[in-house]
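Heads up: the structure comes next, in structure tokens.
The values are calculated or read from the model by the stated rules, or taken from the named source; none is laboratory data. Bear in mind the structure is a predicted one, so any value in this text is a computation, not a measurement. Cβ placement follows ideal geometry from the backbone for every residue including glycine, while neighbour counts extend to all protein chains displayed.
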Amino acid sequence: MAMPTASAATHEDGSATSPHAPWRLIIVEDDEVIASVYRRTVEKLDAFTVAGTFTRGEDVLAFLGREHADLMLLDLTLAGMSGLTLLQRLRTEGHPIEVIAVTATRRAPAVRAVVQRGAIDYIVKPFTIERLRQALNLFVHRASGMSHDELDQEEVDRVCASGRRPGRSLPKGLSHDRVQLVRAMLAEQPDAVSAAEVAQSTGLARVTARRYLEYLVASEQAVVEDAFSTGPGRPRKVYSAGTGRSIPAA
């Protein structure tokens with residue numbers, strides 16, 4: 001069942017700002033492992049707070065009958081009521097919650113039906129964590145355009161998603177300049193390098209360099225592997241420019 005959470009006023013993750021952040025998000029996914037990946041990703045972004053996680057559409061309707069949420073990550077394949085039926089019910093009842101579909105369903109009629117019912121994005125499993133971050137940042141970008149009673153064309157473009165798609169939303173404590181610094185250092189290396197080597201080259205503390213490297217791996221901008229040596233001890237991790245992991249199609 002869902003655990004309600006409180007709202008605050010600001011966020012610092014580098015995405016579009018809004019006086020209403022953090023936005024309350026609910027996760028509707030029948031695979032608990034994948035749902036936990038979503039939760040961990042969302043919780044790293046100051047713009048959002050997870051208001052609840054659900055496996056059944058019926059429980060979502062009951063929750064939204066007594067609690068507020070701004071955004072839903074929705075799998076279409078659920079036990080009981082389907083995700084599409086849930087979305088239809090919400091629209092029929094005039095519920096304003098925004099929806100990002102995250103599903104393995106690729107059939108054109110399903111995509112069309114979800115879009116026609118107002119989903120702001122449709123992500124096909126398997127997908128990268130960075131793709132999920134982009135969808136979340138798209139919501140914030142759109143929502144920031146609704147901060148006034150009357151909108152100019154630029155704000156209308158945001159709401160209609162016809163403006164420039166927002167860039168990556170960084171986890172707390174990371175900066176775009178340092179991401180570029182570490183990524184450029186990796187791109188210049190002929191071989192994989194350790195976090196200590198990255199720290200020495202960039203002037204960052206080793207723990208800081210490791211955080212940036214882990215972000216680059218998670219966002220498919222770098223790869224990590226174990227480097228074995230002939231001496232004692234555990235293998236060390238080394239990093240190189242490349243692509244990384246994705247969320248599976250459960």
Give the residues of the range 179-232 that are hydroxyl-bearing (Ser, Thr, Tyr) and either assigned by TED's automatic domain parsing to the domain that holds Gln134 or crowded, with 19+ Cβ neighbours inside 10 Å (or both), sorted by residue number.
-> Tyr212, Tyr215, Ser219
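Out of curiosity, is Ala119 on the phi < 0 side of the Ramachandran plot, in a loop (DSSP other than H, G, I, E, B) and at pLDDT 85 or above? Outline the logic, then answer.
Numbers: on the phi < 0 side of the Ramachandran plot: yes; in a loop (DSSP other than H, G, I, E, B): yes; at pLDDT 85 or above: yes.
Answer is yes for this residue.
A quick yes/no check of all residues on (1) of a type in the set (S, T, N, Q); (2) out of contact with any Phe, Trp or Tyr (no Cβ under 8 Å at 6 or more places or on another chain); (3) in a strand (DSSP E or B); (4) surrounded by fewer than 16 Cβ atoms within 10 Å (Cβ to Cβ):
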{"residue": "Val33", "(1), (2), (3), (4)": "no, yes, no, yes"}
{"residue": "Ser36", "(1), (2), (3), (4)": "yes, yes, no, yes"}
{"residue": "Leu45", "(1), (2), (3), (4)": "no, yes, no, no"}
{"residue": "Gly52", "(1), (2), (3), (4)": "no, no, yes, no"}
{"residue": "His68", "(1), (2), (3), (4)": "no, yes, no, yes"}
{"residue": "Gly94", "(1), (2), (3), (4)": "no, yes, no, yes"}
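For the range 203-226, give me each residue that is over 24 Å from Arg40 (Cα atoms) and free of Cβ contacts under 8 Å to residues at least 24 places away in the same chain.
Gly203, Ala205, Asp226
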Report yes if some residue within the range 208-219 is at pLDDT below 85 and touching a helix residue (DSSP H, G or I) at 6+ places or on another chain (Cβ under 7 Å); otherwise report no.
-> yes
